[in-house]
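To start, the structure under review is shown below, and the notes come after it.
The values are calculated or read from the model by the stated rules, or taken from the named source; none is laboratory data. Treat the numbers as computed from the prediction; the structure is a model and nothing was measured. Note: accessible area is taken over every heavy atom of the protein model, side chains too, but ligands, DNA and RNA are not part of it. Shrake-Rupley method; radii C 1.70, N 1.55, O 1.52, S 1.80 Å.
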Amino acid sequence: MAGESLVQMLEEIAVGLKSGDEEIYGWLREQLKECGASDISVELAMGVIARLLPEDVQGEIEATQQHTRRWAH
C-alpha cells in the first residue's frame, strides 16, 4: 500500500512539473534543501529536471529560477 501511494505521489509531481506548475517546482526545491542538499546540488538537480521537461515549460522554469536566484541573494 505504501509503495502505491509513493508511486501516485511521484506521478502527481511529474504531472505538475510537465505542466509547468511553479508551485510543484518550488516545493521540490524546498524538499531537496530540507533533506540537506547543498545549494549547488539543489541547483544541479533542478537544472536536470528542467532539461527533462517539454521545451515550452523549460522557458517558464528558467525564468522562475532566475527570479528565485535574484531574491535569494
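Values as computed for the structure displayed
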| quantity | calculated |
| --- | --- |
| Accessible area (Å², 1.4 Å probe, nearest 10) - Arg29 | 20 Å² |
| Carbon/sulfur fraction of accessible area - the stretch 7-46, other protein chains in place, 1.4 Å, % | 59 percent |
| Where Val42, Val48 fall by accessible area, highest first, once all protein chains stay in place (1.4 Å) | Val48, Val42 |
| Area of Glu12 that stays accessible when all protein chains are in place (1.4 Å probe, Å², to 10) | 110 Å² |
